[in-house]
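Here's the structure we're looking at; comments come further down.
The values are calculated or read from the model by the stated rules, or taken from the named source; none is laboratory data. What you see is a predicted model, and the numbers here were worked out from it, not measured in a lab. With ideal geometry, Cβ positions are generated from the backbone for all residues, glycine too; neighbour counts draw on all protein chains shown. The area values use the complete protein model at the heavy-atom level, side chains included, leaving out ligands, DNA and RNA. Shrake-Rupley method; radii C 1.70, N 1.55, O 1.52, S 1.80 Å.
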Amino acid sequence: MKIYRIIVKEILKNVRDYKGNSMMVLFPIVLITILGVSFSGLFSGTIEFDDAKVLYKVEVEENKAFVDAFESFSSMLEEETGIVFEKTEDFEGSKARVEAKAYSALVHISENPLQISIYKNEGAGLDTTLLENSIASFIKSYDGIMTIAENNPAALGMQRLQEYEGNVQVRSLDKKRQVGSMDYYAVTMLTLILFYASLTGFWAIRGEVEQNTAPRILCAPVSSFELLTGKVIGSIFVSFVQGLVVLLFSKLVLKTYWGEDLLSVGLLILSYAIMTTSLGVALAFLIKSSEAASGVLNAIIPIFVFLGGGYMPLSAMGSVISTISVISPVKWINSALFGVIFDGSYSDMFVSLLVNLGLAALFITISALFSRRRDRAYA
Amino acid sequence: MNIVRMDQVTKSFGDITAVDKMSLDIEEGEIFGLLGPNGAGKSTAINMITGLLHFDKGSISVLGSDVKKEKMKTKGYIGIVPQEVAIYEELTSLENVKFFASLYGLKGNELEAAALEALEFTGLSENAKKFPKTFSGGMKRRLNIACAIAHKPKLIIMDEPTVGIDPQSRNHILQSVKKLNEQGSTIIYTSHYMEEVEEICSRIAIMDHGKVIALGTCKELEDLISDRNIVLITVMDLLSGIKEDDIKQIPGVDAVEIEENIIKISSFREVSNMDKIINYFTSNGISIKSLESKMPDLEAVFLAMTGRKLRD
Ligand SMILES: Nc1ncnc2c1ncn2[C@@H]1O[C@H](COP(=O)(O)OP(=O)(O)OP(=O)(O)O)[C@@H](O)[C@H]1O
Ligand SMILES: [Mg+2]
């Protein structure tokens, strides 16, 4: 009951904190929009790639119209971006040439079901990302045309394609859905800002010290355990809701893609909010000066976020950075979210949950130990 | 029954012994004053009674229950007005009072009514929905009190509740203390303003260096120095080069306090040394503006017992 009172008070206090809320909610939304728009070059065709070469192999008997459409699309892409498309018949040999980095990618168009697969190297460059995105948008518009064609073929002067079953899809070696820049930054800005939720945790404790209210609470029949539990749960709740607001806004207003499995996405975000908030709580017990503590956070957050691919896709950075990125919990939450949202893959999700909850347990243990040092805990 | 009993309580912070073998019995219904200069150990003593601080030696009981063994129970008896204002700027007055009262188990309508009553009592009814950000120092102090009394504690402990506020708010607070006492609460009131303590307290303990150096009613304390004479000498010049130690050399003088151009001298009654005192001033070329004999007060008691003044 007392814990509940402390939680409710913590939430009310944070709801009133307009400055903190706008930083936690408005800031990421603005960032998603700005980064999404200005870095769209990373994800779609505005950059020139003069020396990029792509192989493509067609294995289609029935859907000739689709192949025609693809070929006019690829020549248009050639004109616009300088990526050269070369037709090939040798599937295995082409794959080897991509692996040897002589070509950026191999595009394979096959039937039953009708689909395009892109084979590329792990951590491939921007040209491949561009290729993926362009092909994805080609398929989207092809899809649209097909729908019109089915209903009113005369309008387009096209023959109705009875074979078409709507299962055209992009499949690269590791992505099942294209990632637009807005989609990308929606995920990474959310995890960026939720790292700053550690400040919410920090101030949950530090605020009680600076307003002299912690000793006052502890003079009431409330144990230091109850106080800590109330503060931790209250601030985690606040951080989580702030994260959900950003998620919902970006989904509903910015129309970014969050995948089919919102429950897993929510679970990941919750575990991450628990981790970052309890980091801040622990820090409040370890470092008494708020300048020093926010200095520490402001120093480590950008590094971990950078290593997590928060500002730029890891694939656009060197392999050294990709390797050391494993130390960043941001890398794990980001790849877990991308996996769940775009690939339907869950292996990184379990790593991320483990990393987040493990670290949170560590931070909360530290806090619990320190909060029992009566004379000094809240001084 | 004793509402508070402290027995040989000692508390150190590193090398500093903040409270040193302190023993004290406070009876139900008292307004008990704890008087002492900065650093005397008043807050430390109080924080041990409320269970906020552990102590090294001795024992403390509140209403017969040991504060270490039955902590939650004894905490529940007490309402604390901390020395530093302890309220949430982001919550309204009413929300502040309700929050703290709820920690003592009040809820629902009872909680709301108790909170409103506490605000009414401290004269903050009209500011119930306002945020303390906009409050004056005196209003914050009153809210600080409201947060301590809503749950109607048997024992109210006030740690220097009048520091740094205007005379009007101070008066209001002193009147509230009396009223709370009339309504049945026992009060422990710490201060280093001896006028306040003299005005409201039924019994007083004077603390210095972690020890109770004198205890009794105001009258009893003043009787302690009935063998002393206090003279106040006002001199013309602020920088007249008077040396405390020189005056202490005069026979019969036991304490001297210099505040700007007023010199307070305490001497034993049986020694007649007035001529020697006046001689000190005139022979040093310092002209005396006025000279008066003073009734003993707590300030003088403190001066006589410690050789120091109460306020710095
Ligand atoms: N948490 C602490 N850590 C170290 N020393 C402390 C601590 N709290 C108090 N002290 C020391 O203990 C002594 C008594 O302090 P206390 O606050 O009890 O005095 P006080 O009588 O309340 O003084 P004031 O009138 O200034 O409030 C002082 O010397 C103080 O410096
Ligand atoms: Mg004090």
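Inside 10 Å of the C-beta atoms of B:94-102, what's the mean count of C-beta atoms belonging to other chains?
Other-chain Cβ atoms within 10 Å of each residue's Cβ, averaged: 4.
Which of the aspartates and glutamates could a cross-linker span from residue B:179 if the Cα-Cα distance has to be under 16 Å and same-chain partners fewer than 8 positions apart are dropped?
Filter leaves B:28, B:30, B:117, B:120, B:196, B:199.
Listed here are the pairs A:19/B:178; B:57/B:243; B:42/B:178; which of them are more than 32 Å apart at the Cα?
Working: A:19/B:178 43 Å; B:57/B:243 42 Å; B:42/B:178 21 Å.
As for pairs spanning more than 32 Å Cα to Cα, those are A:19/B:178; B:57/B:243.
Quick one: net charge around residue B:133, please, counting Lys, Arg +1 and Asp, Glu -1 for every other residue with C-beta under 11 Å from its C-beta.
Cβ neighbours under 11 Å give a net charge of +1.
Given points 7 Å out from each Cα along the Cα-Cβ axis, report the residue A:18 to residue B:133 separation in nanometres with one decimal.
0.8
Report the trypsin sites (Lys or Arg not before Pro) located in segment B:27-70 that are in a DSSP loop and have at most 14 other Cβ atoms inside 10 Å of their Cβ, or state none.
In loop regions of segment B:27-70 (DSSP not H, G, I, E or B), the sparsely surrounded trypsin sites (Lys or Arg not before Pro) are B:68, B:69.
Not counting ligands, DNA or RNA, and with a 1.4 Å probe, what is residue A:68's accessible surface area in Å² rounded to the nearest 10?
Number for this one is 100 Å².
Using bins 10 angstrom wide from zero, how does P(r) for segment A:246-379 break down, in % of all Cα pairs?
Result returned by the calculation: 12, 34, 33, 16, 5, 0.
For B:17, A:323, write out the residues from largest to smallest accessible area, computed with a 1.4 angstrom probe and no ligands counted.
My answer, sorted largest first, is A:323, B:17.
Return the percentage of antiparallel bridges among DSSP beta bridges fully within chain B, rounded to the nearest 5 %.
Numbers: 39 of 57 bridges.
Antiparallel: roughly 70 percent of the beta bridges in chain B.
State the percentage of accessible surface on the protein assembly as shown attributable to carbon and sulfur atoms; use a 1.4 Å probe and exclude ligands, DNA and RNA.
Working: 17130 of 30340 Å².
Of all accessible area on the protein assembly as shown, carbon and sulfur atoms account for 56 percent.
Estimate for me the total accessible surface buried between chains A and B (protein heavy atoms, probe 1.4 Å, no ligands or nucleic acids), in Å² to the nearest 100. Don't jump to the answer; show the numbers that get you there.
On the way: alone 18030 and 14890 Å², together 30340 Å².
Separately minus together, A and B give about 2600 Å² buried.
Modelling each spin label as a point 7 Å along the Cα-to-Cβ direction, I'd like the residue B:54/residue B:25 distance in nm, to one decimal.
3.0
Under a cut-off of 18 Å between alpha-carbon atoms, report the lysines in cross-link reach of residue A:120, not counting same-chain residues fewer than 8 places apart.
A:53, A:57, A:87, A:95, A:101, A:175, A:176
Looking only at other chains, what is the average number of their beta-carbon atoms within 10 angstrom of each beta-carbon in B:144-150?
1
Could you check which residue among B:220, B:257, B:199 shows the biggest mean-square fluctuation in a GNM of chain B with a 10 Å Cα cutoff?
Maximum among the listed residues: B:199.
Explain nothing, just the number: dipole magnitude of the protein assembly as shown about its Cα centre with +1 on each Lys and Arg Cβ and -1 on each Asp and Glu Cβ, in debye rounded to the nearest 20.
Once rounded to the nearest 20, the dipole reads 1820 debye.
Using the alpha carbon gyration tensor of the protein assembly as shown, what are the three equivalent-ellipsoid semi-axes (square root of 5 times each eigenvalue), largest first, in whole Å?
Output for the protein assembly as shown: semi-axes of 78, 26, 21 Å.
Name the residues of segment A:193-232, by number, that are at least 50 Å² less accessible with every protein chain in place than in the isolated chain; the surface is that of heavy atoms, probe 1.4 Å, without ligands or nucleic acids.
The answer is A:211, A:212, A:216, A:219, A:221 - residues whose exposure falls by at least 50 Å² when every protein chain is included.
Rounded to the nearest 0.05, what FRET efficiency is calculated for residue A:346 and residue B:89 with R0 set to 35 Å and r the Cβ-Cβ distance?
0.20
Considering only DSSP beta bridges with both partners in the protein assembly as shown, what is the antiparallel share in %, to the nearest 5?
60
Ignoring ligands, DNA and RNA, what accessible area per residue does the protein assembly as shown give at 1.4 Å, in Å²? Could the numbers behind the result be given before it?
Numbers: 30340 Å² over 691 residues.
Accessible area per residue: 44 Å².
Tell me the trypsin sites (Lys or Arg not before Pro) within segment A:199-281 that lie in a loop according to DSSP and have at most 11 other beta-carbon atoms within 10 Å.
Counting only loop positions with at most 11 other Cβ atoms within 10 Å, the trypsin sites (Lys or Arg not before Pro) in segment A:199-281 are A:255.
Taking one equal scatterer on every alpha-carbon of chain B, how large is log10 of I(q)/I(0) by Debye at q = 0.12, 0.13, 0.15 1/Å?
The Cα Debye sum returns log10 ratios of -0.85, -0.95, -1.14.
Over chain B, what is the relative contact order in percent, taking alpha-carbon pairs closer than 8 angstrom and at least six residues apart?
It rounds to 19 percent for chain B.
Kindly provide the trypsin sites (Lys or Arg not before Pro) of segment B:263-298 that DSSP labels as loop, not H, G, I, E or B, and whose Cβ sees at most 16 other Cβ atoms within 10 Å.
B:269
List the lysines whose alpha-carbon lies under 18 Å from that of residue B:129, not counting same-chain residues fewer than 8 positions away?
A:9, A:13, B:98, B:140
Per DSSP H run of at least 4 residues, take -39500 (n - 2.57); add these up for the protein assembly as shown, divide by its residues and hand me the 222 nm value, nearest 500 deg cm²/dmol.
-15500 deg cm²/dmol
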